[in-house]
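Novice: The structure's right below; bear with me while I get my questions together.
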Amino acid sequence: SMDSKKFSHVSIQDTESIKLYFESLIAALAKKSITLYSGDESLQMTVAELCRISIQAKKKGGDNKLTIKLSWTEAGGPPERGPPAPV
């Protein structure tokens, strides 16, 4: 079976703390390596040169939601289906 690992973190933070979180994520992207920690758990991911980024925003009454999703396939993994190569 495929090796599978999950990491999940939900918390309420002020905007300054969230800004620091994003800054550390930007530094990790620059190094092409992201390590997530929660308690004694950790998950390390090697970032591919090309990633898919998905951004969704929703407003409903006073509720706001911004979802930013990054996905990629590590080298050596199954190839992602991309657009056909130009002939």
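Readers should treat all values here as calculations from the given coordinates under stated rules, not as data from a laboratory. Bear in mind the structure is a predicted one, so any value in this text is a computation, not a measurement. Glycine also receives a Cβ, built like all others from the backbone with ideal geometry; neighbour counts cover every protein chain displayed.
Novice: Could you give the nm distance between label points at I55 and S11, where each point is 7 Å from its Cα heading toward the beta carbon?
Specialist: If labels sit at I55 and S11, their model points lie 2.6 nm apart.
Novice: Right, next: Too long at a 22 Å Cα-Cα cut-off: which of K5/K69; K6/K60; K31/K58?
Specialist: Numbers: K5/K69 17 Å; K6/K60 30 Å; K31/K58 31 Å.
K6/K60; K31/K58, as the Cα separations exceed 22 Å there.
Novice: For the chain, what is the convex hull volume of the alpha-carbon atoms per residue, in Å³? Don't skip to the answer; put the middle values down first.
Specialist: Values: hull volume 15.5 nm³, N = 87.
Per-residue hull volume (Cα only) is 178 Å³.
Novice: Same structure, new question: Springs between alpha-carbon pairs under 10 angstrom, Gaussian network model over the chain: which of I18, I34, I68 fluctuates most?
Specialist: I68
Novice: Which net charge results for the neighbourhood of S38, defined as the other residues with beta-carbon distances under 15 angstrom from its beta-carbon, given Lys and Arg at +1 and Asp and Glu at -1?
Specialist: Values: positive: K5, K6; negative: D40, E41.
Charge balance near S38 sits at 0.
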